[in-house]
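Student: I have a structure here, written as structure tokens, and I will follow up with some questions on it.
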Amino acid sequence: MQDRYDPKEAEPRIRAFWDEQRVYAYEPDAKAPVFSIDTPPPTVSGKMHIGHSSSYSQQDFIARYKRMRGFNVLYPFGTDDNGLPTERLIEKLKNVRASKMDRTSFIELCLRTLDEIRPAFIEDWKRVGMSCDFSLRYSTIDDNSRRVSQASFLELLKNGKVYRKDAPNVWCPVCQTAIAQAEIEDRASESTFNDVKFKLTDGEDLVIATTRPELLPSCVAVFVHPEDKRYTKLVGKSVTVPLFDQNVEIKTDARVDKEKGTGAVMCCTFGDKTDVEWYKAYGLALVESVGRDGKMTASAGKYKGLDVKEARRAIIEDLKKEGLLVSQKRITHTVGVHERCKTDIEILHTQQWFIDVLSIKDALIENGRKIRWHPEHMRARYENWINNLQWDWCVSRQRYFGVPIPVWYCKACASVNAADEKQLPVDPLKDKPLRACKCGSSDFVPDKDVLDTWATSSTTPQIVRSLAPKGSANLPMALRPQAHDIITTWLFYTVVRSHVSEGELPWRTTAISGHVLDPRGKKMSKSLGNVVEPQPAMDKYGGDALRYWTASAKLGDDYNYEEKELVTGMKTVTKLWNASKFAIQNLQDHSGEEETSGFDAYMLEKVKEAFASATRAFDDYDYSAARRIADRLFWSVFADNYLEIVKDKIYNPDKRGVLERRAAQHALYKSLFSVLQLYAPIMPYVTEEIYQSYFRERVKMTSIHKTIWPDAARVDAEFVAFGDSLLEIISAVRKAKSERSLSMKAPVKRLVMNVDEKRAKPFLEDLYAVLNAEKIEFGKELAIEL
């Protein structure tokens with residue numbers, strides 16, 4: 001072994017070794033049980049950020065452990081490339097506009113460009129030590145993924161699980177597309193409550209409070225609560241809308257909040273979900289005053305062409321001039337914004353495709369309860385989301401780039417004509433149906449829309465299944481790892497798709513990671529200048545140190561970036577290297593197993609104890625506990641104590657005897673190899689380097705990551721506890737020497753140990769040596785004379 005370990009030199013070389021030896025390749029012909037992972041596909045629109053490096057390391061801890069437990073791990077790597085970020089990236093890199101190109105040509109340009117930039121992008125994931133089978137790779141816009149996504153859509157269409165409808169739906173005026181409920185973020189916004197005068201037929205005023213006076217031209221009714229006695233006599237009467245002069249009826253509905261505003265509410269098409277419900281329930285007129293571009297329509301009269309906020313200001317001014325504004329109150333309220341562009345959303349009446357989710361909410365909750373959640377409390381987010389769902393899942397998007405909806409519409413009878421599965425992937429803008437319409441017509445209009453990106457991402461289990469040979473990725477898969485912020489999107493939608501398409505769970509287990517915050521516990525943001533990039537951290541400390549820090553956090557917990565943890569990780573790497581170097585130098589003549597006693601036997605029992613605890617931790621997805629277990633065994637027992645204890649037997653065979661030396665070598669060999677195995681899922685690089693330098697030719701496995709993690713063995717708890725008490729005595733002697741500023745080699749004139757003399761006998765010679773003790777006695781109280 002070299003004198004020092006340099007991660008900058010070693011890690012690229014080790015990665016090349018892993019690739020060359022196909023260490024992490026999925027083996028379809030193997031008889032071992034399959035552990036299949038629905039790996040999150042990152043978006044190729046930049047470079048790995050600190051959150052990526054953290055959450056992907058955490059899922060990799062589990063993958064590596066399962067591989068060492070004898071599973072045939074199916075761990076593909078995909079990239080999510082069919083969304084707006086990729087579209088914008090390609091437009092920028094290639095100086096093109098997607099809307100000015102043939103869609104198929106733009107997709108082909110995307111695929112070529114992604115092939116050019118993906119290797120550099122993926123290198124960060126390899127660098128952090130991901131043990132994916134990178135030969136099993138997909139892009140959510142490649143031919144196979146489009147084929148899977150479109151085939152799934154067609155299956156839903158065939159079974160009546162997806163439908164097309166003209167209906168109110170959430171709309172982003174900036175992106176100019178329909179969006180799903182999961183894409184809406186709540187944001188606090190400052191506004192005004194405006195008390196506005198409506199005129200009754202008898203000339204009296206009816207005051208209504210609104211935060212959106214720009215929707216007055218779309219007012220189609222006024223509602224009051226049926227038990228609100230203030231308005232009992234007005235129900236059924238007509239009222240005139242200020243500035244726009246349309247007459248609307250006053251109706252009753254129990255959804256009105258009597259305590260909010262004046263208790264009278266205008267219903268506009270559409271200001272919120274309640275407006276939509278009233279519109280449907282009472283067959284109200286449709287008057288859209290806000291267009292798809294976010295500007296006022298002709299229905300708004302002289303305000304046509306203004307954007308929503310300009311119209312709001314102008315209408316408020318005119319209300320003031322006309323004496324129709326009674327009062328205003330500044331408020332802070334919650335508004336819905338599109339998560340991508342942060343634009344206030346609108347509700348517009350458009351024709352869209354939907355997957356029915358509202359009718360299966362109970363089944364989706366039940367499916368969620370069949371999945372094993374780590375941590376368990378994250379399931380509440382999933383259930384709360386379903387319980388609060390108000391819309392079916394809108395899966396069509398008015399964007400140009402993406403997976404096309406594979407249908408045409410007959411010009412003669414307007415029937416939907418679905419693509420034939422053998423055509424897939426298909427682009428209706430370019431391709432034609434293979435058969436005439438059932439009415440006999442062959443004249444079709446293509447669907448111009450594309451599928452919601454989540455509609456394709458939600459089929460990743462099916463995409464993985466299509467990549468894996470011999471159908472070895474059948475549902476349910478073993479694991480879905482992901483972050484908590486996409487429980488309501490990727491996780492929920494995948495459960496939906498697997499349920500409605502196959503009547504099956506997508507996976508048996510989900511592992512939910514938290515977010516990385518800055519050192520002060522704040523969310524990282526470019527605007528705040530507090531973003532930490534993983535690449536410089538790996539340059540400075542290495543991939544193992546970064547993973548070591550990542551293992552400090554439990555699943556589901558948000559946690560701070562702590563550079564001191566990387567420093568600790570680097571120190572652990574260095575200490576492991578130096579300890580291994582010492583051990584291996586003294587194992588060159590190690591010949592095999594020997595019977596052990598005393599501290600050698602104790603060391604091996606501590607190894608069994610550590611493996612038993614670490615196995616329980618990893619099986620429960622508690623990798624942070626597994627790391628602490630490895631740390632305690634390595635630092636507290638192996639490095640700080642056993643290596644010092646064993647030196648006398650290793651260095652002085654003439655005094656201690658050849659058999660004792662062999663026994664010590666056996667324990668040293670077994671314990672060092674075990675420490676490497678315990679650390680291997682967390683720190684794959686340095687453990688591999690040490691393994692290759694000595695253990696490979698003896699263990700006869702290509703890589704430490706293919707060695708077998710031992711099954712739990714019975715631990716002699718009493719023996720271990722007795723050994724622990726002896727280490728406490730050693731620690732107490734060292735502390736006493738340190739307090740007197742004495743060398744650790746300073747003699748101990750007399751030591752009285754408060755342990756059982758008979759049980760201590762096999763340990764005595766080692767204790768004399770390691771403590772440099774001149775006299776050891778036994779009594780009720782520990783006593784140290786220096």
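Student: Taking 8 Å as the Cα distance limit and 6 or more residues as the minimum spacing, I'd like the relative contact order of the chain as a percentage.
Tutor: Relative contact order, the chain: 15 percent.
Student: Calculated FRET efficiency, His377 and Lys522, Cβ-Cβ r, R0 22 Å, to nearest 0.05?
Tutor: 0.40
Student: For Lys735 and Val567, compute 0.36 nm times the residue count separating them, minus their Cα-Cα distance, and round to one decimal in nm.
Tutor: 57.9 nm
Student: A further question on this structure: What are the ³J(HN,Hα) values, in whole Hz, obtained from phi via the Karplus relation 6.51 cos²θ - 1.76 cosθ + 1.60 with θ = phi - 60°, for each residue of region 648-657 in sequence order, with x given for Gly and Pro?
Tutor: 4, 6, 6, 7, 10, x, 5, 7, 8, x
Student: Turning to a different aspect of this structure: Starting from the Cα-Cα distance between Glu765 and Asn388, subtract it from 0.36 nm times their residue separation and give me the gain in nm to one decimal.
Tutor: 128.7 nm
Student: Rounded to the nearest 0.05, what FRET efficiency do Asp143 and Asp3 have when you use their Cβ-Cβ distance and R0 = 56 Å? Walk me through the numbers before you get to the answer.
Tutor: Details: r = 52 Å, r/R0 = 0.93.
Efficiency for this residue pair is about 0.60.
Student: If you don't mind, there's one more thing I want to ask. With all protein chains present and a 1.4 Å probe, how do Met524, Met603 order by accessible area, largest first?
Tutor: I get Met524, Met603, largest accessible area first.
Student: Further, regarding this structure: State, in angstrom, two size descriptors of region 1-78 derived from its alpha carbons: Rg to one decimal place and Dmax to the nearest whole number.
Tutor: 15.0, 42
Student: OK, next. If you fit an axis through the alpha-carbon atoms of helix 308-321 and take the longest principal axis of the Cα set of the chain, what angle between them do you get, 0 to 90°, nearest 10?
Tutor: For helix 308-321, the angle is close to 50 degrees.
Student: Taking the chain as the reference, fit the longest principal axis to its C-alpha atoms, fit the long axis of helix 273-282 to the helix C-alpha atoms, and give the angle between the two in degrees, 0 to 90, nearest 10.
Tutor: Here the helix axis deviates by roughly 40 degrees.
Student: Excluding ligands and nucleic acids, what accessible area in Å² is computed for His349 using a 1.4 Å probe, to the nearest 10?
Tutor: Roughly 40 Å² of His349 is accessible to a 1.4 Å probe.
Student: Still on this structure, please answer the following. Heavy atoms only, probe 1.4 Å: what % of the accessible area of the chain goes to carbon and sulfur, would you let me know?
Tutor: 47
Student: Quick check: convex hull of the Cα atoms in the chain, volume per residue, rounded to a whole Å³?
Tutor: 214
Student: I've got another one for you. Between beta-carbons, use under 14 Å as the cut-off and find the net charge around Leu206, counting Lys and Arg +1, Asp and Glu -1.
Tutor: 0
Student: Using the Karplus curve 6.51 cos²θ - 1.76 cosθ + 1.60 with θ = phi - 60°, what ³J(HN,Hα) values do you get for each residue of region 141-148, in whole Hz, with x for Gly and Pro?
Tutor: 10, 6, 4, 5, 5, 4, 5, 4
Student: Hey, how much of the P(r) for region 487-557 falls beyond 15 Å, as a percent of Cα pairs? Let's see the in-between values first.
Tutor: Numbers: 1738 of 2485 pairs.
In whole percent, the long-distance tail amounts to 70.
Student: From the C-alpha gyration tensor of region 201-337, pull out the three semi-axes of the equivalent ellipsoid (sqrt of 5λ each), sorted largest to smallest, in whole Å. It would help to have the intermediate numbers written out before the result.
Tutor: Details: eigenvalues 106, 59, 48 Å².
Calculated on Cα positions only, the semi-axes equal 23, 17, 16 Å.
Student: Something else: Once you put a point 7 Å from the Cα of Val335 and another 7 Å from the Cα of Lys229, both along the Cβ direction, what distance in nm separates them?
Tutor: Using points 7 Å along Cα→Cβ, the separation is 3.9 nm.
Student: Rounded to the nearest 500 deg cm²/dmol, what is the calculated helix-only ellipticity per residue at 222 nm for the chain, with -39500 (n - 2.57) per DSSP H run of length n ≥ 4?
Tutor: -12000 deg cm²/dmol
Student: Right, here's the next one. Just name one of Thr252, Val196, Asn560: the one whose Cα is farthest towards the positive end of the charge dipole of the chain (beta-carbon charges, Lys/Arg +1, Asp/Glu -1).
Tutor: Value computed over the given set: Val196.
Student: Here's another thing I want to ask about it. Rounded to the nearest 0.05, what FRET efficiency is calculated for Asp318 and Asp293 with R0 set to 25 Å and r the Cβ-Cβ distance?
Tutor: Between Asp318 and Asp293 the formula returns 0.65.
Student: Give me the extension gain from Glu27 to Cys439: residue separation times 0.36 nm, minus the current Cα-Cα distance, reported in nm with one decimal.
Tutor: My answer for the length gained is 143.2 nm.
Student: A further question on this structure: What is the helix-to-structure angle for 598-619, meaning the angle in degrees between its Cα long axis and the longest Cα principal axis of the chain, kept from 0 to 90 and rounded to the nearest 10?
Tutor: 10
Student: Taking the Cα centre of region 144-266 as origin, work out the dipole magnitude from +1 charges on Lys and Arg Cβ and -1 charges on Asp and Glu Cβ, in debye rounded to 20.
Tutor: 640
Student: Given points 7 Å out from each Cα along the Cα-Cβ axis, report the Lys280 to Asp166 separation in nanometres with one decimal.
Tutor: 1.7
Student: Next question. Would you grab the residues whose amide H sits under 5 Å from the one on Met477? Only those 5+ places off in sequence or on another chain, please, with H modelled 1.01 Å from N.
Tutor: Trp507, Arg508
Student: Non-local amide H neighbours of Val326 (under 5 Å, H modeled in plane, Pro and chain starts lacking H): which ones?
Tutor: Under 5 Å from the amide H of Val326 lie the amide H atoms of Asp195, Val196, Lys197, each far enough along the sequence or on another chain.
Student: To the nearest 20 debye, what is the magnitude of the charge dipole of the chain about its Cα centre, counting +1 on the Cβ of each Lys and Arg and -1 on the Cβ of each Asp and Glu?
Tutor: 500
Student: Please list the non-local residues whose amide H lies under 5 Å from the amide H of Thr79, H modeled 1.01 Å from N, same-chain partners needing a gap of 5 or more.
Tutor: Tyr138, Ser139, Thr140
Student: Now, a different point. Just to be sure I understand the curve: with the Debye formula and one point per C-alpha of region 590-697, what is log10 I(q)/I(0) at q = 0.15, 0.18 Å⁻¹?
Tutor: Here log10 of I(q) over I(0) equals -0.65, -0.89.
Student: Using only the alpha-carbon atoms of region 443-516 as identical scatterers, what base-10 log of I(q)/I(0) does the Debye formula give at q = 0.25 Å⁻¹?
Tutor: Summing over Cα pairs of region 443-516 leads to -1.18.
Student: Which entries of Lys47/Lys342; Lys304/Lys342; Lys199/Lys229; Lys606/Lys749 show an alpha-carbon separation above 28 angstrom in the structure shown?
Tutor: Violating the 28 Å limit, Cα to Cα: Lys606/Lys749.
Student: What is the ratio of the Cα radius of gyration of region 113-244 to 2.2 N^0.38 Å, with N the residue count, to two decimals?
Tutor: Here the answer is 1.91, to two decimals.
Student: For Glu339, what accessible area in Å² do you get when you roll a 1.4 Å probe over the heavy atoms of the protein chains, rounding to the nearest 10?
Tutor: Using a 1.4 Å probe on the heavy atoms, I get roughly 60 Å².
Student: Right, here's the next one. Among the trypsin sites (Lys or Arg not before Pro) in region 519-588, which ones are in a DSSP loop with at most 12 other Cβ atoms within 10 Å of the Cβ? Mind listing them?
Tutor: Arg520, Lys522, Lys526
Student: Here's a follow-up. Would you mind checking the pairs Lys158/Lys438; Lys237/Lys280; Lys94/Lys523; Lys575/Lys608 and listing those with alpha carbons more than 24 angstrom apart? Walk me through the numbers before you get to the answer.
Tutor: Numbers: Lys158/Lys438 15 Å; Lys237/Lys280 21 Å; Lys94/Lys523 33 Å; Lys575/Lys608 22 Å.
Checking Cα-Cα distances, Lys94/Lys523 exceed 24 Å.
Student: Hey, what do the phi angles of region 335-342 turn into as Karplus ³J(HN,Hα) couplings, whole Hz, using 6.51/-1.76/1.60 and θ = phi - 60°, x for Gly and Pro?
Tutor: 10, x, 10, 6, 4, 7, 10, 6
Student: To continue, here is another question. Taking a ≥ b ≥ c as the square roots of the eigenvalues of the Cα gyration tensor of region 521-634, is the shape rounded (a/c under 1.5), prolate (a/b larger than b/c) or oblate?
Tutor: Oblate.
Student: Label Phe719 and Ser597 with points 7 Å out from Cα along Cα→Cβ: what is the distance between them in nm?
Tutor: The two pseudo-label positions are separated by 1.2 nm.
Student: Peptides 708-719, 217-228: what's the order by average Cβ count within 10 Å, highest mean first?
Tutor: Working: 708-719: 12.8, 217-228: 20.7.
The packing order, highest mean first, is 217-228, 708-719.
Student: Share of Cα-Cα pairs in region 389-461 beyond 15 Å, in percent?
Tutor: It works out to 58 percent of all Cα pairs.
The values are calculated or read from the model by the stated rules, or taken from the named source; none is laboratory data. Just so it is clear, the model here is predicted, and its values are computed rather than measured. Backbone-built Cβ (ideal geometry, glycine too); neighbour counts: all protein chains shown. Just so you know, the surface numbers come from the protein's heavy atoms only, side chains and all, with ligands and any DNA or RNA stripped out. Shrake-Rupley method; radii C 1.70, N 1.55, O 1.52, S 1.80 Å.
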